[in-house]
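Below: the structure, in structure tokens.
The values are calculated or read from the model by the stated rules, or taken from the named source; none is laboratory data. These figures come from a predicted structure and were not determined experimentally. Here the Cβ positions follow ideal geometry from the backbone for every residue, glycine too, while neighbour counts run over all protein chains shown.
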Amino acid sequence: MTISELQQVTKVDTSRKRKPRLDTLSRILRYAVTRLIGLFVAIVVGVYLTILIANMGGHVDNIRKAQIRESVVMAIMGMQDQARLTPEEIVQFQESMVALEEQRLGLDKPFFIRSFIYLRQALTLRLGRSEQLVSDSGSREVRNIIMERLPATLVLFGTAQLLLFFTAVFAALFLSRRYGGWIDRLVVALTPTSAAPGWFYGMFLILVFASLLRLLPFGGMVDAPPPKETIPYLLSLVKHMILPVAAIIVSSIFLTIYSWRTFFLIYSSEDYVEMAKAKGLPSNMIERRYVLRPTLPTIITSFALMVIGLWTGAIVLETVFGWPGLGRLLYQAIGAYDTPVIVGSTVIYAYLLGVTVFLLDIIYALVDPRVKVGAGGARA
């Protein structure tokens, strides 16, 4: 074979290798775009329903109009030149002031039209100013209020979810090796305790460790006043996180361990695991390669559903512990009928849930070789 023929064959082989890679990349991109579009549509529908519910189908607008009229009447009554005006002029001036204020707030348009305008603003978090709430920095901008509370929620629930995941995985593996032991029976007996939410255990933890033993703070994120140096601030943050993180973990740990331990037991009895044991492979390698990895898709699905449940329970949990996060902000906004903050908080939660579901699909392809992303199904 000549050198030119050899170079031609090499080019053909290289092009053949590149083509499957490009096909795989384009398939993954198409799948990712399709999933993102589907999730975005779901988010839009959910946010629009939230707008309708938060405004009570437009009833909140009537309440705001009544508040505007009341404030205008009180302002006119306090004017010194009121006595110089006739009753007709006072009524005319009052109506003009009310109309200007309603126009400034967009209340002069029908609610159906305003709902779609509000939807566009909500999806971009351009919700204007809050009606009742103020951020710690004194800003009334909804975006600033939400972004100020978001890190606190991410720190609390991110820490709790990571600890819960790794603790449950290692504990489930440990129990799968000691099936029927007293620890295994104890975990099975404590599984029904996961029926109660995290805030329920949070109240008991506060009663014991904060009120009776006085070992930990009742709530909040850091001490008051907050430490100015970095290390004392972090230590104060960790101290305040112990009780809420413990409440989240206690509310889910036993059921999670029981479920995942059952999955490990099922996969441990497969034929390929018995063959690996017959070959004399180390037990750690068997657990890691032949038990843990094929179980990961099921575990990740269970964990993702649990994460979504924890997000939805953030409102009461953060309120119980006085944690300055999105959950407590949403609770305060609902109590104050602050529609912009309610919608903005819901949008953030919708985005967080959408990202969770999207990452779940991507992680499937990484941990399970049977999943072929974007191929319209799975391969065995």
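Here are a few things to note about the model shown:
- Candidate set: the range 148-165, residues that are touching a residue at least 60 places away in the same chain (Cβ under 8 Å) and among the small types (Gly, Ala, Ser); chosen: the one nearest to Leu125 (Cα to Cα): Ala152
- Any helices (runs of 4 or more DSSP H) falling wholly within the range 282-349 and containing at least 3 residues that are touching a helix residue (DSSP H, G or I) at 6+ places or on another chain (Cβ under 7 Å) and surrounded by fewer than 18 Cβ atoms within 10 Å (Cβ to Cβ): 293-312
- A single member of Phe263, Phe209, Phe204, Phe254 is modelled with pLDDT of 90 or more, closer than 19 Å to Ile300 by Cα and either crowded, with 17+ Cβ neighbours inside 10 Å or of a type outside the set (D, E, K, R) (or both), and it is Phe254.
- Which numbered condition Ile117 misses (of (1) in the same structural domain as Ala247 (by TED's automatic domain parsing); (2) farther than 30 Å from Ile300 by Cα): (1)
- Every condition in (1) among the hydrophobic types (A, V, I, L, M, F, W, C); (2) surrounded by fewer than 17 Cβ atoms within 10 Å (Cβ to Cβ); (3) assigned to a helix (DSSP H, G or I) is met by Met97 except one, and the failing one is (2).
- So Val41, is it in a helix (DSSP H, G or I), modelled with pLDDT under 65, surrounded by fewer than 12 Cβ atoms within 10 Å (Cβ to Cβ) and not assigned by TED's automatic domain parsing to the domain that holds Asp338: no
- Condition met for Tyr233 (surrounded by fewer than 15 Cβ atoms within 10 Å (Cβ to Cβ), of a type in the set (Phe, Trp, Tyr) and either on the phi < 0 side of the Ramachandran plot or not in a loop (DSSP other than H, G, I, E, B) (or both)): yes
- Evaluation of Thr339 against (1) farther than 30 Å from Ile257 by Cβ; (2) at pLDDT 80 or above (one fails), failing number: (2)
- Residue within the range 271-293 that is in the same structural domain as Ser252 (by TED's automatic domain parsing) and under 30 Å from Tyr349 (Cβ atoms) present: no
- Meets criteria (acidic (Asp, Glu), modelled with pLDDT of 70 or more, more than 30 Å from Phe358 (Cβ to Cβ) and in a helix (DSSP H, G or I)) for Glu5: no
- Test result for Ala168, in contact (Cβ under 8 Å) with a residue 60 or more places away in the chain, under 21 Å from the mean Cα position of the chain (by Cα) and closer than 17 Å to Gly344 by Cβ: no
- Residue match in the range 198-214 (condition: over 21 Å from Leu162 (Cα atoms) and either of a type in the set (Asp, Glu) or in a loop (DSSP other than H, G, I, E, B) (or both)): yes
- Of residues in the range 156-184 being small (Gly, Ala, Ser) and not in a loop (DSSP other than H, G, I, E, B), the one modelled with the lowest pLDDT: Ser176
- Within the range 113-127, being basic (Lys, Arg) and either assigned to a loop (DSSP other than H, G, I, E, B) or buried (at least 17 other Cβ atoms within 10 Å of the Cβ) (or both) holds for Arg114, Arg126.
- Some residue of the range 83-91 being modelled with pLDDT under 65, assigned to a helix (DSSP H, G or I) and loosely packed, with under 14 Cβ neighbours inside 10 Å: yes
- Qualifying residue in the range 56-79 (condition: over 30 Å from Gly325 (Cβ atoms), of a type in the set (Lys, Arg) and assigned to a loop (DSSP other than H, G, I, E, B)): no
- Within the option set Ser137, Ser176, Ser130, being farther than 20 Å from Trp311 by Cβ, touching a residue at least 12 places away in the same chain (Cβ under 8 Å) and outside the structural domain of Gly219 (by TED's automatic domain parsing) holds for one residue only, Ser130.
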